[in-house]
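Read the structure below first, then the notes.
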Amino acid sequence: MDKVYLDHASATPVRKRVIDAMLPYFGEQFGNPSVVYDMGSKIKLVVEEQRAKVADLIGAKAENIIFTSSGAEANNLAIKGVALGRQKKGNHIIISAIEHHSVLNSARFLERLDFEVTFLQVDQYGIVDPERLRSAITPETVLVSIMHANNEIGTIEPIAELASICREKGVFFHTDAVASVGNVKVDVKELNVDLLSLSGASFGAPKGIGALYFAKNMRLMPLIHGGIQENGRRAGTENVPGIVGLGAAAEFAREEILEKTESVRKLRDLLIAGVRERIDKFKLTGHPVQRLPGHASFCFEAIEGESLVFLLAQAGIYANTGSACASKALKTSPVLTAIGVPPALAQGSVVFTIDKSNYLEEIEYVLEKLPVAVDRLRMLSPIWGKEVPVYQEAACT
Amino acid sequence: MKFVKDIHADETLDLVCRMCPMHLLEPGDKLKCMKKGQVLQVLTDYDGALEDIPAWCRKCGEEFIGIEEDEECYKIYIKKTK
């Protein structure tokens, strides 16, 4: 088999129809949407059409969508924008301990500006306890941010329940839905959220484009000051080709979501079941049921995830050790630490993320090559087969 | 600068955190949807609006009622006269 790409959480391929939709806006349709003459005003209409498509994907209104350069920027705008826009009301924000670095580091930045941040602990599956959230809210709390689905362990949080607590207490609720939009049905009304971040790279749009949903009448301090693009909330001439790519990908994602969810779930279940049959001494990380349909994440005992990813790549299988941003840092994943995976076991983390384009023979190929690669690395491991107390703490499921 | 207190407003437009010149674009759109004689309250944290909005009212023929300052922002009142 030539190539099996199972790292869709890091990046997704951009299909030809999305590229075709974008191409005119790199060429003859180059006008600036902010100018008043027709070359620009036509482009402005195109931008607004895409805004409506993105809004449709998440059950929102077009006027409540801000285009950003990425999911990370959307997260930054949500966290810093709300906190700084509401700082006269309070200086406390709450996030979970397993947030993406773009949320985590935005919160840490706010700590430097004298905000107080509560990092909510999670259970062994990565789930935030709603009652723990309720008791963490104080009169000073201005924002809570809990991710919809975790990119490393696939766990889906009970967002509607968490958001309802915040609504009851008059606190804004943001969810980072970068890992979930395009992979499961997402509706801002059902989730009851005030803000939601998404990234085009997660569902077939090009990299460099994302969006933030915000509820009406919300004060958001801009991150980028300048002109009145995005209704004065995010300056900078619009990335028109990227926006068109996002709109096209959003349209496909909305049409295909149910079919995709079912097909990738079947492949994921086959992969997990096959790993259980063929390999021992590993842990499936994340919630066994409440997880993204195409997400299978494991920690294998006595090996380095990086080495396994490298060996798999030699066999044409592309997976990841966890977060694409963090995988180069050679640092124990804060997510795995937060769910109680011992540091030594956390080193053996490998994540497979399946898309609709994957098929059965590819999963069978992975199940043929993965056990061989794991065995090979374990034979080289100085700790394999030895009694290492730290491993005994980890229940292999 | 004309300061006022306790003005009744029929509609509110919250432009806090929005960049210049949104304070000159959105009031016009909002007033179009209001009835003659009604009062619009514009909330803004942009200092430039204190001069810009009265001047905009003169130019557009709307009545600038005045400004109220509170801890969070300025409240600027405009009566629709056209």
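Read the figures in this text as sums done on the coordinates, not as results from a lab. Keep in mind the model is a prediction, meaning the values are calculated, not measured. With ideal geometry, Cβ positions are generated from the backbone for all residues, glycine too; neighbour counts draw on all protein chains shown.
Observations on the structure shown:
- Considering all C-alpha pairs of the protein assembly as shown, those separated by over 30 Å amount to 52%.
- Modelled this way, with points 7 Å down the Cα-to-C-beta line, the labels at A:ASP56 and B:GLU11 are 2.9 nm from one another.
- Computed lengthening from A:GLU361 to A:LYS169, 0.36 nm per intervening residue step minus Cα-Cα distance: 64.1 nm
- Quotient of Cα Rg and 2.2 N^0.38 Å for chain B, N being how many residues it contains: 0.96
- Taking the DSSP bridge list for the range B:11-79 and keeping only pairs wholly inside it, about 75 percent are antiparallel.
- In order along the range A:212-222, phi translates into HN-Hα couplings of 10, 8, 9, 6, 4, 6, 9, 7, 10, 5, x Hz, rounded to whole numbers, per the Karplus curve 6.51 cos²θ - 1.76 cosθ + 1.60 with θ = phi - 60° and x for Gly and Pro.
- Our summary gives the range A:16-253 a relative contact order of 27 percent, counting only alpha carbon pairs under 8 angstrom and 6 or more residues apart.
- Approximate spin-label separation A:ASN231-B:PHE64, in nm, with each point projected 7 Å along Cα-to-Cβ: 2.6
- Percent of beta bridges antiparallel (DSSP, the range A:148-240, rounded to nearest 5): 60
- Inter-probe distance in nm under a simple model that places probes 7 Å from Cα toward Cβ, at A:HIS101 and A:ASP129: 3.1
- Entry note, the range A:1-123: relative contact order of 14 percent, from Cα contacts under 8 Å with a spacing of 6+ residues.
- Principal-axis tilt of helix A:38-57 within chain A, Cα atoms, nearest 10 degrees: 50
- Relative contact order of chain B: 37 percent, from C-alpha pairs under 8 Å at least 6 residues apart in sequence.
- Qualifying GluC sites (Glu not before Pro) in the range A:1-99, where qualification requires a DSSP coil assignment and no more than 14 other C-beta atoms within 10 Å, comprise A:GLU28.
- Cα-based helix-to-principal-axis angle, A:360-380 vs chain A, degrees rounded to 10: 60
- Relative intensity, log₁₀ I(q)/I(0), of the range A:225-315 from a Debye sum that treats every alpha carbon as a point, q = 0.12, 0.14, 0.19 Å⁻¹: -0.67, -0.77, -0.95
- Whole-Å semi-axes of the ellipsoid equivalent to the range A:198-268 (Cα gyration tensor, √5λ, descending): 30, 14, 10
- For chain A, DSSP calls about 50 percent of its internal beta bridges antiparallel.
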